[in-house]
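Accompanying notes for the structure given below.
We did not get these values from a lab; they are worked out from the coordinates using the rules stated. Here the structure is a predicted model, which is why all the values come from computation and not from measurement. Reconstructed Cβ throughout: ideal geometry from the backbone, glycine too, with neighbour counts over all protein chains shown.
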Amino acid sequence: MEPSQVAIIGSGLIGCSWAMVFAAGGFKVKLYDIAQQQLTSALETIRKQMKEMEKAGVLKGALNADQQLALISVCTDLKAAVEGATFIQECTPENLELKKKIFGQLDLIVGDSVILSSSTSCLLPSKLFTGLKHVKQCIVSHPVNPPYFVPLVEIVPHAETDPSTTERTYALMKKIGQSPVKLNREIEGFVLNRLQYAVISEAWRLVGEGVISPTDLDLVMSDGLGMRYAFIGPLETMHLNAEGVSNYCERYAEGMRLVLNTFGPIPEFSGETVQKVNQALSEKIPVVPKALDARRKWRDECLTGLAKLKTQMKSD
Ligand code: NAI
């Protein structure tokens, strides 16, 4: 049987990652971009990464790197790129006008069954899709960088998205080995970034008020909270840290509220605290491409190891 086909619009960091995730899942992938040169270098990046992962024994999927590479083709013609695709994942720069233009173009050329999905990190479906003829087929599938190693995908429908679009997207994400979650309605920051910003906000206040150093603040997460959060979320943590959630609330609600009442206002993220945090981090990782890239590579290796461990420890 011919493998199903997907189209990826935009071949930057996230577009390449999606292409690799879909190829690992056995899908034929058409990668579209505006410039042939960008596509050539995207293909080369993908080839290099797949070969490295194959060598390291961490390539995903049942096919080898050459077989997966053979599933990916590139194209600078939008109509040809989406022809035959059952799913289109848009990965262009985070710019509302540009994305609206692209979805407007897609709206004119697609049929009634393909899913039009956006990787946007923070543009709301109501801003992206309102007024499109195919709005029922539109959805946000927000990945986490790097999607190849961090499987979460936030699925966010427009108010007019057909429930079957949400279900099909959810099933597809599962099929390619990602970990989808459904939002019942759109909300600024979706869920992942709302949680992330809550953490960043309090981290910033604590460092800004001189309660803790930037380096120690990061350790609280990497050697403390983060250890368990890679396996269980905050709600299950409550459940396990007492005799169930109800008991946790009986025991700790008052204490939590006391602490939460001492949280300060939303930080400005400017001035002295920026300098303080930047100085501490720059001493550890100088802001030059070589040092940043080396640390990112190390981070990705850690995530690969963690992904392996999570598979071994899977409990559901
Ligand atoms: P990027 O800048 O690396 O790649 C964007 C690509 O789109 C480039 O290859 C560019 O040539 C292409 N492009 C520009 N105009 C185009 C057009 N009219 N038609 C087709 N392609 C066009 O951006 P990145 O980081 O890959 O982000 C893509 C999307 O993914 C954004 O919406 C971003 O918010 C989202 N995202 C990014 C994450 C990240 O950590 N980088 C994480 C999760 C989502």
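Structure summary
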{"quantity": "Beta bridge orientation in the chain: antiparallel %, DSSP, nearest 5", "calculated": "15"}
{"quantity": "Computed lengthening from residue 113 to residue 213, 0.36 nm per intervening residue step minus Cα-Cα distance", "calculated": "30.7 nm"}
{"quantity": "Mean Cα-pair separation over length for the range 137-270, i.e. relative contact order, pairs under 8 Å, 6 or more apart, %", "calculated": "16"}
{"quantity": "Residue-by-residue Karplus 3J(HN,Hα) for the range 106-116, coefficients 6.51, -1.76, 1.60, Hz, glycine and proline x", "calculated": "5, 4, 7, 10, 8, x, 8, 10, 6, 9, 9"}
{"quantity": "Rounded tilt (10° steps) of 245-260 against the dominant C-alpha axis of the chain", "calculated": "70"}
{"quantity": "Helix-only mean residue ellipticity at 222 nm for the chain, each DSSP H run of n ≥ 4 adding -39500 (n - 2.57), per residue, nearest 500", "calculated": "-16000 deg cm²/dmol"}
{"quantity": "Pair residue 250, residue 313: separation of 7 Å Cα→Cβ label points (nm)", "calculated": "3.0"}
{"quantity": "Options 249, 271, 144, ranked by Cα towards positive dipole end of the chain, top entry (Cβ charges)", "calculated": "144"}
{"quantity": "Table column - 3J(HN,Hα) (Hz), the range 185-198, Karplus curve with 6.51, -1.76, 1.60, x for Gly and Pro", "calculated": "8, 6, 7, 3, x, 6, 9, 4, 6, 5, 5, 4, 5, 4"}
{"quantity": "In degrees, nearest ten, helix 13-24 long axis to first principal axis of the chain (Cα)", "calculated": "70"}
{"quantity": "GNM flexibility winner over the chain from 243, 44, 83 (Cα, springs under 10 Å)", "calculated": "243"}
{"quantity": "Set of lysines near residue 284 by C-alpha distance (under 24 Å), chain-local residues within fewer than 8 positions excluded", "calculated": "276, 297"}
{"quantity": "Cross-link pairs beyond the 30 Å C-alpha cut-off, checked among 133/310; 100/314; 133/175; 99/290", "calculated": "133/310; 100/314; 99/290"}
{"quantity": "The range 5-182: relative contact order in percent, alpha carbon pairs under 8 Å with at least 6 residues between", "calculated": "21"}
{"quantity": "Magnitude of the charge dipole, the chain, Cβ model with Lys/Arg +1 and Asp/Glu -1, debye to 20", "calculated": "600"}
{"quantity": "Karplus (6.51, -1.76, 1.60) ³J(HN,Hα), θ = phi - 60°, over the range 303-310, in Hz, Gly and Pro reported as x", "calculated": "5, 5, x, 5, 4, 5, 4, 4"}
{"quantity": "Inter-label distance, nm, simple model (7 Å from Cα along the C-beta direction), residue 292/residue 223", "calculated": "2.7"}
{"quantity": "Label point distance in nm, residue 122-residue 198, each placed 7 Å from Cα along Cα→Cβ", "calculated": "1.8"}
{"quantity": "Relative contact order (percent, whole number), the chain, Cα cutoff 8 Å, 6+ residue spacing", "calculated": "13"}
